[in-house]
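One structure below.
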Amino acid sequence: MSGHVSFRLGGCVELFIVPNTLEALLSTLEFLKRERLSFRLLGNGTNIVPSDGLMETLVISMERINDVHFDGTKVYASAGVSFKKLCLLALKNGLSGFEKAYGLPGSVGGAIYMNAGCYGWETAESVLEITVFDGNRVSKISKDEAQFGYRSSIFKREKDLVILGATFSCQPGDKSEIEHLMMETLRQRYEKQPLEYPSAGSVFKRPRQDFYVGTAIEKLGLKGYTIGGAQISEKHAGFIINKGGASASDVKALVEFVRNKVKEAYNVELETEIEFWE
Ligand SMILES: Cc1cc2nc3c(=O)[nH]c(=O)nc-3n(C[C@H](O)[C@H](O)[C@H](O)COP(=O)(O)OP(=O)(O)OC[C@H]3O[C@@H](n4cnc5c(N)ncnc54)[C@H](O)[C@@H]3O)c2cc1C
């Protein structure tokens, strides 16, 4: 899995399936349902820590399910489309709405799954409806039905629902202004985040509005603290980076270490935003 996740670590899965078309994806999903075989879905692998060794699971990669269609100010993007591509195509079409998402790693499916957000923008605010497959049929669900919350959606609870794509709403905008805001967002990311190292982004969810996890960890003097190849970033204490040769166990141990320190110092229970695959 290390070649498929941004953390560049993890072992193997029993089978890695890459459907080339939507039809191939649907028949694969139907087959797995019929055979009662469980599986995991992989977007761009930017929020995942696959465990070391062999995981007894099948993985379906959405990377080739990547159509984009514009219809006026609406855009339909399949689940495997990267947010980078979506932002650039919106710019090309003079559409505003995704500027703050420029630089958000990951796919449309992954962003909807966890209602990814950055710089005051959240995926949910751009979504109109989502196309899903439940193992039997393809249907559309509304934004309300998706039950978006902070880094959550119905898809975290209803594991049978596969996101096939989504329709987003944009607004007409001035191309140079859109581009300027996109570049500004990207500049801020490069300035604040350790993008020169493999990672899965912010490790922990913010437990409440006024608690900044990165700052809290930094105040405990933990920047640079290392277990094996995993390190609390010197640049942004909310990130754990792979300094080279990190294993999933290193990351897990470091996460537990930080959780305990934060609990001790602030009496706050941290929950991870990153997902561990066992
Ligand atoms: C450097 C860096 C910076 C980051 N910055 C941010 C940020 O600013 N804000 C933020 O919110 N996140 C951020 N992240 C985390 C991550 O990029 C986002 O959560 C992203 O939306 C995950 O998308 P993905 O396609 O990589 O999902 P994956 O990591 O592949 O999967 C995540 C989850 O989504 C599920 N999933 C994926 N596709 C589907 C589908 N089609 N149907 C159903 N379930 C699906 C997977 O099964 C898994 O449970 C960052 C990560 C990195 C590495």
**Q.** Selection from region 192-204 of residues that are part of a loop (DSSP other than H, G, I, E, B) and more than 6 Å from the ligand (Cβ to nearest atom)
**A.** 194, 196, 197, 198, 203
Q: Among the residues of region 116-151, write down those that are touching a Leu at 6+ places or on another chain (Cβ under 7 Å), near the ligand (Cβ under 8 Å from one of its atoms) and part of a loop (DSSP other than H, G, I, E, B).
A: 116
Q. Assuming residue 37 fulfils every condition listed in (1) assigned by TED's automatic domain parsing to the domain that holds residue 142; (2) surrounded by fewer than 17 Cβ atoms within 10 Å (Cβ to Cβ) apart from one, which condition is it?
A. (1)
Q. Of 178, 163, which residue is within 11 Å of the ligand (Cβ to nearest atom) and either within 20 Å of the chain's Cα centre (by Cα) or not charged (D, E, K, R) (or both)?
A. 163
Q. From the set of residues in region 2-12 that are at negative phi and either assigned to a loop (DSSP other than H, G, I, E, B) or among the small types (Gly, Ala, Ser) (or both), which is surrounded by the fewest Cβ atoms within 10 Å (Cβ to Cβ)?
A. 3
**Q.** Complete set of residues in region 167-191 that are part of a helix (DSSP H, G or I) and acidic (Asp, Glu)
**A.** 177, 179, 184, 191
Q: Identify all residues within region 13-49 that are in a loop (DSSP other than H, G, I, E, B), touching a Ser or Thr at 6+ places or on another chain (Cβ under 9 Å) and β-branched (Val, Ile, Thr); write none if there are none.
A: 18, 46
Q | Filter result (of a type outside the set (A, V, I, L, M), away from the ligand (no atom under 13 Å from the Cβ) and free of Cβ contacts under 8 Å to residues at least 60 places away in the same chain) within region 43-62 | A | 53, 56
Q. Scanning region 79-115 for residues that are polar (S, T, N, Q) and either surrounded by fewer than 20 Cβ atoms within 10 Å (Cβ to Cβ) or more than 15 Å from the chain's Cα centre (by Cα) (or both), which turns out farthest from the ligand (Cβ to nearest atom)?
A. 93
Q: Only residues that are without any contact (Cβ under 8 Å) to a residue 12 or more places away in the chain and assigned to a loop (DSSP other than H, G, I, E, B): list them for region 253-272, please.
A: 267
**Q.** Subset of region 152-166 [part of a strand (DSSP E or B) and either under 19 Å from residue 76 (Cα atoms) or among the β-branched types (Val, Ile, Thr) (or both)]
**A.** 162, 163, 164, 165, 166
Q: Kindly establish whether residue 190 is loosely packed, with under 15 Cβ neighbours inside 10 Å, of a type in the set (Phe, Trp, Tyr) and either closer than 20 Å to residue 40 by Cβ or at pLDDT 95 or above (or both).
A: yes
(Q) Out of the residues in region 205-252 meeting the condition of being more than 16 Å from the ligand (Cβ to nearest atom) and either part of a strand (DSSP E or B) or basic (Lys, Arg) (or both), tell me which one is surrounded by the most Cβ atoms within 10 Å (Cβ to Cβ). (A) 227
Q: Mind listing whichever residues of region 144-161 are surrounded by fewer than 18 Cβ atoms within 10 Å (Cβ to Cβ) and not hydrophobic (A, V, I, L, M, F, W, C)?
A: 144, 145, 147, 149, 150, 152, 156, 157, 158, 159, 160
Q: For residue 75, state whether it is assigned to a strand (DSSP E or B), buried (at least 24 other Cβ atoms within 10 Å of the Cβ) and within 16 Å of the ligand (Cβ to nearest atom).
A: no
Q: Exactly one condition in (1) touching a residue at least 24 places away in the same chain (Cβ under 8 Å); (2) touching a Gly at 6+ places or on another chain (Cβ under 7 Å); (3) within 30 Å of residue 242 (Cα to Cα) is not met by residue 40; state its number.
A: (2)
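The values are calculated or read from the model by the stated rules, or taken from the named source; none is laboratory data. The shown structure was predicted, so the numbers you read here are calculated from the model rather than taken from an experiment. Ideal geometry is used to build each Cβ from the backbone, glycine not excepted, and the neighbour counts take in all protein chains shown.
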